[in-house]
Each structure stands twice: as C-alpha cells, then as structure tokens.
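Participant: Dropping a structure here in structure tokens format, bear with me for questions.
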Amino acid sequence: MLRKIHDNGLSPEEFFNLDSSELSRALNMPHGCRFEKETRDEAVKRACEEIQLMNRHNIRAYFLLDPDYPVRLSQIPDAPVIIYQLGKTDLDARHIINLVGTRKPTPYGVDFCNNLISDLAVYFPDLIVISGLAFGIDAAAHSAALSSNVATVGVVAHGLNMIYPAVHRDLARSIIQSGGSIVSEYPFGETPYRQRFLERNRIIAALSDVTIVAESDVKGGAMSTANLAFSYSRDVLALPGRISDKLSSGCNMLIRKEKAHLVSCAADVIEVTGWKPLDLNVDTKQRNLFPELEGEPKIIYETLRFSREPMQLDQLHMQTQIPISRLMSDLGEMEFDGIILRHPGNRYSIS
C-alpha cells in the first residue's frame with residue numbers, strides 16, 4: 001500500500017489528513033474500499049507513542065521511502081515499511097553475511113561456524129554476521145562473531161522491548177555492547193509467534209550479500225531463509241554432509257538442486273562473492289586458508305579442518321569413505337607438501 005500511495009503522488013501527510021472519500025479517489029480505490037479517518041488517526045496516535053518509546057530506549061527507525069533505509073533491504077519486493085534498530089551497526093556495510101541453520105546442531109556445524117567466521121574476520125575486519133538470535137546455529141554464529149571481534153546483528157520476530165528466547169538476553173546484551181545490533185520490523189509490545197519467525201527470515205536474507213546454511217533438515221527456518229535469498233538473486237552457500245545425516249539433508253538438497261554453492265571454508269565464500277580481502281597482513285598459517293587442493297586431498301583437508309583433535313587413520317577412512325590404500329598415499333603426499341602434520345599413533349591434523 002505504501003508503494004501505491006507513493007506511486008499516486010500522495011505524501012504521508014496527505015494520506016493521513018484527507019477525508020475518506022478524497023483519499024479513495026486519489027488512490028483509485030474501488031467504491032466501498034476506504035481508509036476511515038478514525039482508523040488513520042488511531043495509527044498516528046500509536047506512532048507518536050512508538051516514537052516516545054524509541055527515544056527513551058535509543059532505538060532508530062528506518063522508513064522505506066527515506067534515503068537512509070538499508071539499501072539491500074529496499075531492493076526486495078516485500079521490504080518492511082519500517083525497520084527498527086537497537087545498536088549502531090552500519091546495515092549498509094560492505095561485507096555482510098548471514099549464517100543460519102538447525103536449532104540442534106552437531107559439533108560439525110558449530111565448528112564450521114567458528115572456523116568460517118574466524119577465518120573471514122582475518123581478511124575482512126569490517127565483516128558483519130547476521131542471524132536470528134535463536135538456539136543452535138544462530139547462537140553459534142553470533143558467538144563466533146563476538147569471539148572474532150566482528151559485529152553481529154540479530155534479527156528478531158518481536159518488538160525490541162523483549163528478547164526471545166529469554167535465555168539469550170545476555171547474548172543480546174553482548175551483541176549491543178560489542179558494536180552489533182538487534183533489528184526488527186515489529187513495534188514495541190509485539191510478541192513472537194510462528195508466522196513472524198518466517199516473516200523475519202526475509203529480512204535476514206535481504207540484509208546480506210550471501211546466505212550460508214550450516215546443517216539443516218529439508219524443512220525449517222534455515223531452508224526458508226535460503227529459498228528467500230535465492231528468490232532475491234542473492235548468493236546461497238550450504239555446508240555439505242553425509243547422506244545419512246538428517247541434519248545435512250537440507251544442505252545437500254540445496255546443493256543438488258543448484259540453489260546453493262558448496263561451502264567448506266572461507267575461501268569458498270570469497271570465491272563466490274568475489275570480495276577482495278581488506279587486510280593482507282596475515283601470517284603463513286592464515287594464508288594456508290587457500291591450499292590449492294582438489295579431489296580426495298581436499299576432502300581430507302576439510303575433514304581435518306573441522307576436527308578438534310588429530311584424527312586417526314581409521315577415523316579419516318570412516319569420515320571420508322576413501323579406500324585405505326589411497327588415503328595413506330594422499331596423506332603421505334600432503335605431509336610431504338607441508339599441508340598436514342602426522343602425530344604419534346598415525347594421527348593427523350592440519351599443519
């Protein structure tokens with residue numbers, strides 16, 4: 001309706017001040033379909049109350065037709081008319097990703113979040129990580145950003161007078177104190193319910209250059225965000241997993257349907273987005289983020305990357321499904337090239 005008002009040359013003042021019949025004619029609305037003056041007056045009253053609350057709690061509002069409305073968000077057809085922000089994060093920053101996934105992740109998914117964000121932070125100190133402040137991958141993404149000293153933004157499905165789930169109040173406080181933000185399209189007093197979580201997913205997708213899914217079933221909020229991002233012609237990446245893992249089934253499906261690029265490390269994100277690293281003063285170990293590996297050696301490397309401890313030969317065989325004879329040959333060559341280290345007991349890790 002806002003776009004209709006704008007396209008018909010009406011200002012917000014005219015919309016609220018014209019009588020109902022004049023407004024209907026100005027908007028070319030059918031007979032009997034009118035905005036009653038009493039309804040519009042009540043909306044103005046609620047808006048004045050909302051402004052008072054915003055001023056009291058240092059909340060900023062962006063109006064869709066204002067020049068400072070977040071550019072990425074304004075590009076989608078269903079952009080919210082107003083977006084509220086608690087915090088001072090630049091929502092038009094150059095490098096913004098969102099990271100979403102299951103609410104019950106495995107160590108594989110959590111380690112991926114930690115490694116991906118810490119590696120990207122080295123190359124992009126201005127990185128902003130967006131997620132939904134929910135349990136699981138969302139919380140892991142926010143926490144990883146805090147640990148890596150980059151800003152993070154939580155997009156919530158309720159008014160900014162509360163935090164849901166309540167146990168994430170401390171996390172939300174840490175986000176704000178570290179230069180991040182909490183963002184919502186809902187005014188004070190609006191409570192969360194199921195549909196609103198789906199609605200807020202479009203904001204997560206639209207505020208970002210790229211959506212990254214780390215562990216998801218074929219159904220769920222993360223898949224909703226990924227599909228929305230794809231519909232907005234934004235880059236989507238998904239962490240692959242074993243075909244037997246239910247929590248990787250959604251990611252594998254996105255890759256199979258060519259809705260998402262495969263992501264295993266920060267180098268994949270940089271390749272897909274075409275971003276140019278801002279800080280190249282990193283040490284040799286950090287530069288090994290980009291080993292030129294293909295085929296089985298790459299699978300081995302990525303498996304070791306997400307292991308907290310050196311892995312034994314039989315563990316690597318089970319994880320990668322590479323035959324033992326070829327696995328031992330690959331490991332020998334990778335050790336010779338300085339890519340991996342061999343520890344006592346035939347255990348292996350990244351060098």
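Participant: Residue check, LEU86 against (1) of a type in the set (A, V, I, L, M); (2) over 29 Å from LEU116 (Cβ atoms); (3) not in a loop (DSSP other than H, G, I, E, B), all met but one. Which one?
Facilitator: Looking at each condition in turn, LEU86 falls short on (2).
Participant: Sticking with this structure for a sec: Confirm whether SER224 is small (Gly, Ala, Ser), within 28 Å of TYR62 (Cβ to Cβ) and either open to solvent by 10 Å² or more (accessible area, probe 1.4 Å) or part of a loop (DSSP other than H, G, I, E, B) (or both).
Facilitator: Judged against the criteria, SER224 is a match.
Participant: Now for a separate question. What residue, of VAL71, VAL153, VAL129, is surrounded by fewer than 19 Cβ atoms within 10 Å (Cβ to Cβ), aliphatic (A, V, I, L, M) and within 30 Å of ILE51 (Cα to Cα)?
Facilitator: Values: VAL153 fails: surrounded by fewer than 19 Cβ atoms within 10 Å (Cβ to Cβ); VAL129 fails: surrounded by fewer than 19 Cβ atoms within 10 Å (Cβ to Cβ).
None of the other options fit; the residue is VAL71.
Participant: Considering each of ARG200, ARG194, ARG234 in turn, give the residue that is over 14 Å from the mean Cα position of the chain (by Cα) and not aliphatic (A, V, I, L, M).
Facilitator: Working: ARG200 fails: over 14 Å from the mean Cα position of the chain (by Cα); ARG234 fails: over 14 Å from the mean Cα position of the chain (by Cα).
Just one listed residue meets the conditions, ARG194.
Participant: Counting only residues that are within 25 Å of PHE306 (Cβ to Cβ) and within 13 Å of the chain's Cα centre (by Cα), which one in region 203-215 is most open to solvent (accessible area, probe 1.4 Å)?
Facilitator: ASP209
Participant: Output yes when any residue across region 166-180 is within 23 Å of LEU73 (Cβ to Cβ), touching a residue at least 12 places away in the same chain (Cβ under 8 Å) and within 15 Å of the chain's Cα centre (by Cα), and no when none is.
Facilitator: yes
Participant: Suppose we keep only residues that are at pLDDT 95 or above and of a type outside the set (Asp, Glu) within region 83-93. Which one would you say is surrounded by the fewest Cβ atoms within 10 Å (Cβ to Cβ)?
Facilitator: Filtering region 83-93 for residues that are at pLDDT 95 or above and of a type outside the set (Asp, Glu), the one surrounded by the fewest Cβ atoms within 10 Å (Cβ to Cβ) comes out as ALA93.
Participant: Check SER329, SER349 and return the single one that is open to solvent by 50 Å² or more (accessible area, probe 1.4 Å) and either in contact with a Leu (Cβ under 9 Å, 6 or more places away or on another chain) or not in a loop (DSSP other than H, G, I, E, B) (or both).
Facilitator: Values: SER349 fails: open to solvent by 50 Å² or more (accessible area, probe 1.4 Å).
Among SER329, SER349, only SER329 is open to solvent by 50 Å² or more (accessible area, probe 1.4 Å) and either in contact with a Leu (Cβ under 9 Å, 6 or more places away or on another chain) or not in a loop (DSSP other than H, G, I, E, B) (or both).
Participant: Are any of the residues in region 312-330 touching a strand residue (DSSP E or B) at 6+ places or on another chain (Cβ under 7 Å) and closer than 20 Å to ASP111 by Cα? Please lay out each step first, then the result.
Facilitator: Taking region 312-330 and keeping what is touching a strand residue (DSSP E or B) at 6+ places or on another chain (Cβ under 7 Å), we get 312, 316.
Then drop every residue that is not closer than 20 Å to ASP111 by Cα, which leaves 312, 316.
Within region 312-330, one or more residues are touching a strand residue (DSSP E or B) at 6+ places or on another chain (Cβ under 7 Å) and closer than 20 Å to ASP111 by Cα.
Participant: Ok, one more. Could you look through region 156-168, keep only residues that are of a type outside the set (A, V, I, L, M, F, W, C) and open to solvent by 60 Å² or more (accessible area, probe 1.4 Å), and pick out the one that is farthest from ARG103 (Cα to Cα)?
Facilitator: Going through region 156-168, the residues of a type outside the set (A, V, I, L, M, F, W, C) turn out to be 158-159, 161, 164-165, 168.
Then drop every residue that is not open to solvent by 60 Å² or more (accessible area, probe 1.4 Å), which leaves 161, 164.
Details: ASN161: 24, TYR164: 14 Å.
Across region 156-168, the extreme among qualifying residues is ASN161.
Participant: Moving to a separate point now. Which condition breaks for TYR62 when tested against (1) within 25 Å of TYR232 (Cα to Cα); (2) open to solvent by 10 Å² or more (accessible area, probe 1.4 Å); (3) not in a strand (DSSP E or B)?
Facilitator: Single failed check for TYR62: (3).
Participant: May I ask you to list pairs of residues, at least six apart or on different chains, whose Cβ atoms are under 6 Å apart, with the first in region 73-92 being at positive phi and the second being buried (at least 19 other Cβ atoms within 10 Å of the Cβ) and not in a loop (DSSP other than H, G, I, E, B)?
Facilitator: Once the first residue is at positive phi and sits in region 73-92, its partners that are buried (at least 19 other Cβ atoms within 10 Å of the Cβ) and not in a loop (DSSP other than H, G, I, E, B) give GLY87/SER181.
Participant: Going through region 169-190 one residue at a time, which ones are open to solvent by 20 Å² or more (accessible area, probe 1.4 Å), assigned to a helix (DSSP H, G or I) and not small (Gly, Ala, Ser)?
Facilitator: ARG169, ASP170, LEU171, ARG173, ILE176, GLN177
Participant: Could you list all residues from region 311-326 that are hydrophobic (A, V, I, L, M, F, W, C), closer than 16 Å to GLY295 by Cα and either modelled with pLDDT under 90 or assigned to a helix (DSSP H, G or I) (or both)?
Facilitator: LEU316, ILE324
Participant: Here is a follow-up. Within region 102-161, which residues are closer than 18 Å to GLU302 by Cα and either part of a loop (DSSP other than H, G, I, E, B) or aromatic (Phe, Trp, Tyr) (or both)?
Facilitator: The answer is THR106, TYR108, PHE112.
Participant: Restricting region 241-281 to residues that are of a type in the set (Ser, Thr, Tyr) and part of a loop (DSSP other than H, G, I, E, B), which is most open to solvent (accessible area, probe 1.4 Å)? Before you say what the answer is, go through the steps one by one.
Facilitator: Here is the first cut: in region 241-281, the ones of a type in the set (Ser, Thr, Tyr) are 244, 248-249, 264, 273.
Of the ones still in play, those that are also part of a loop (DSSP other than H, G, I, E, B) are 244, 264.
On the way: SER244: 96, SER264: 11 Å².
Only one residue tops the list, namely SER244.
The values are calculated or read from the model by the stated rules, or taken from the named source; none is laboratory data. These figures come from a predicted structure and were not determined experimentally. Note that we place each Cβ from the backbone using ideal geometry, even for glycine, and neighbour counts take in every protein chain shown. When the accessible area is computed, the model is the full protein with side chains, heavy atoms only, and any ligands, DNA or RNA have been set aside. Shrake-Rupley method; radii C 1.70, N 1.55, O 1.52, S 1.80 Å.
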